[in-house]
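Here is the structure we will look at.
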Amino acid sequence: SSPRFQKDSFAEIILLQKNLSSFGPFGMSTLGKSYSPTLGMLCMLGAALGFSIMGAFVKAGTATLPVAEVIVFRSGINAIVVSIIMWRYGITFRGNNVPLLMLRGVCGTTAIGLAFYATSAIPLVDVSVLIKTSIFFTALTAAIWLKEKARKGLYLFTLLGFVGVTLIIQPTGEVVAY
């Protein structure tokens, strides 16, 4: 018998999202029900809490272990959780565009490595602020590389966002030697 998901398609992604949404917080079934703003806020708070806890563990772990070991440990836990979810929903591990999946894996691993290195080298609050700037890069990338039509004010507000981050972090220009 073949798995339900063999092709990468928009319809399958939507179906997967609907299936995964049935987990809900604390095991509540939300499949087929409308989503409430309260549920969305609780999920966002839970995600923020989870990433904060992970950041604290990374900071503590990189005090005694090399960053690469912390990355391997975190990736191992992630691989186990994702594998269980994929197995439960019959999702195949092999996609249709293997080179693009490999590129995504390399980019993701690089991003995690840089974020974990930053966590080990600079104060955790500064890392949190810097990681939140990813939305600026996403908007700029979509406008420049993907040729999406930029909404009015995108560049101005992105510049203001970077100015705000600079005011919060107050970089000294010092090079971090590690």
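Can you tell me which residue in segment 39-61 is surrounded by the fewest Cβ atoms within 10 Å (Cβ to Cβ), limited to those that are over 19 Å from Ser128 (Cα atoms) and modelled with pLDDT of 85 or more?
Here is the first cut: in segment 39-61, the ones over 19 Å from Ser128 (Cα atoms) are 39-42.
From what's left, modelled with pLDDT of 85 or more: 41-42.
On the way: Met41: 10, Leu42: 14.
Top of the filtered list is Met41.
Against the test of being among the charged types (D, E, K, R), under 17 Å from the mean Cα position of the chain (by Cα) and under 21 Å from Ser128 (Cα atoms), the options Arg104, Arg74 yield a single qualifying residue, Arg74.
For segment 99-138, which positions are among the polar types (S, T, N, Q) and either under 19 Å from Glu69 (Cβ atoms) or open to solvent by 50 Å² or more (accessible area, probe 1.4 Å) (or both)? Scanning segment 99-138 gives Thr109, Thr110, Thr119, Ser120, Ser128, Ser134, Thr138.
Among the residues of segment 142-158 satisfying the criterion of being assigned to a helix (DSSP H, G or I) and loosely packed, with under 12 Cβ neighbours inside 10 Å, which is modelled with the highest pLDDT?
We begin by selecting, within segment 142-158, every residue assigned to a helix (DSSP H, G or I); these are 142-144, 154-158.
Filter once more, so that each one left must be loosely packed, with under 12 Cβ neighbours inside 10 Å: 144, 156.
On the way: Ile144: 86, Leu156: 90.
Taking the candidates together, the pick is Leu156.
Taken over segment 93-123, the criterion of being under 30 Å from Gln170 (Cα atoms) and in contact with a Leu (Cβ under 7 Å, 6 or more places away or on another chain) is satisfied by Ala118 alone.
Just checking, does segment 41-58 include any residue being within 28 Å of Thr166 (Cβ to Cβ) and hydroxyl-bearing (Ser, Thr, Tyr)? The answer is yes, given that some residue of segment 41-58 is within 28 Å of Thr166 (Cβ to Cβ) and hydroxyl-bearing (Ser, Thr, Tyr). Looking across segment 76-91, not a single residue is under 17 Å from Thr109 (Cβ atoms) and in contact with a Lys or Arg (Cβ under 6 Å, 6 or more places away or on another chain).
The values are calculated or read from the model by the stated rules, or taken from the named source; none is laboratory data. Since the structure is predicted, the reported quantities are computational estimates derived from the model, not experimental observations. Ideal geometry is used to build each Cβ from the backbone, glycine not excepted, and the neighbour counts take in all protein chains shown. In case anyone asks, the SASA skips ligands and DNA or RNA and just uses the protein heavy atoms, side chains included. Shrake-Rupley method; radii C 1.70, N 1.55, O 1.52, S 1.80 Å.
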